[in-house]
Amino acid sequence: MKYEEDKRYYHVEYCHDKYLKLKAETAKENQEWNNLYQYIIKLHDVLLLPKGNIARLKDLRAGYENKNGSRTRKWRTGPDYALMLEAYKIAEQTNKSAINNKIGEWAAVSQINYTISTMLGYLNDAFKIRQNKSKQKAAEVRVQAMESKRDQSLQNTFKNKNKSDELDISSFL
């Protein structure tokens, strides 16, 4: 048993490692949520995000979709907050022009709902960009591995054919 800083005991072999992994994932998820939250606040120039918009984003992350006042399960898990932020950044020009021209006089909740809806349209593009980046990184790793093999193959592999053999008796004859 191991005593942790949150005043709980954990099994060292299994539970403690699981707890540390879950804690790290939660910290990463919270950081991604904070980045998305701060981006939306700056985009709309508001002090706090309205509760309805927060609920919509959290439901989207959990895999739910709200249509006509009903909450329905659409995905097993929704897109992560980092992917939503990437989609927001792709749709940034569209959202800024809509805020300036079309939805400037709307209430803050409606403005943010509109930009969330446009962000949903760009989720697939952001996901494809993420996949392409991961493919490029994998290809880069493969190329580096091939280069290192090529560098190793350039070493001197010359073997002397005139090498004397200890069991060779021709020199005595």
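The values are calculated or read from the model by the stated rules, or taken from the named source; none is laboratory data. Only a predicted model underlies this, so the values are computations on that prediction, with no experimental measurement involved. Here the Cβ is made from the backbone with ideal geometry for all residues, glycine too, and neighbour counts use every protein chain on show. Ligands, DNA and RNA are excluded from the accessible area calculation, which covers all protein heavy atoms including side chains. Shrake-Rupley method; radii C 1.70, N 1.55, O 1.52, S 1.80 Å.
So here's what we get for this one:
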| read-out | value |
| --- | --- |
| Cβ pairs under 8 Å, 6+ apart, first in segment 113-140 and surrounded by 10 or more Cβ atoms within 10 Å (Cβ to Cβ) and modelled with pLDDT of 90 or more, second small (Gly, Ala, Ser) and not in a helix (DSSP H, G or I) | Thr115/Ala91; Thr118/Ala91; Met119/Ala91; Gly121/Ala91; Tyr122/Ala91 |
| Search result, residues across segment 62-85 that are in contact (Cβ under 8 Å) with a residue 12 or more places away in the chain and open to solvent by 60 Å² or more (accessible area, probe 1.4 Å) | Tyr64, Arg71, Trp75, Arg76, Thr77 |
| Selection count where residues are open to solvent by less than 90 Å² (accessible area, probe 1.4 Å) and assigned to a helix (DSSP H, G or I), scope segment 99-111 | 5 |
| Extreme residue, surrounded by the most Cβ atoms within 10 Å (Cβ to Cβ), among residues of segment 50-61 that are free of Cβ contacts under 8 Å to residues at least 24 places away in the same chain, closer than 18 Å to Tyr114 by Cβ and not acidic (Asp, Glu) | Ile54 |
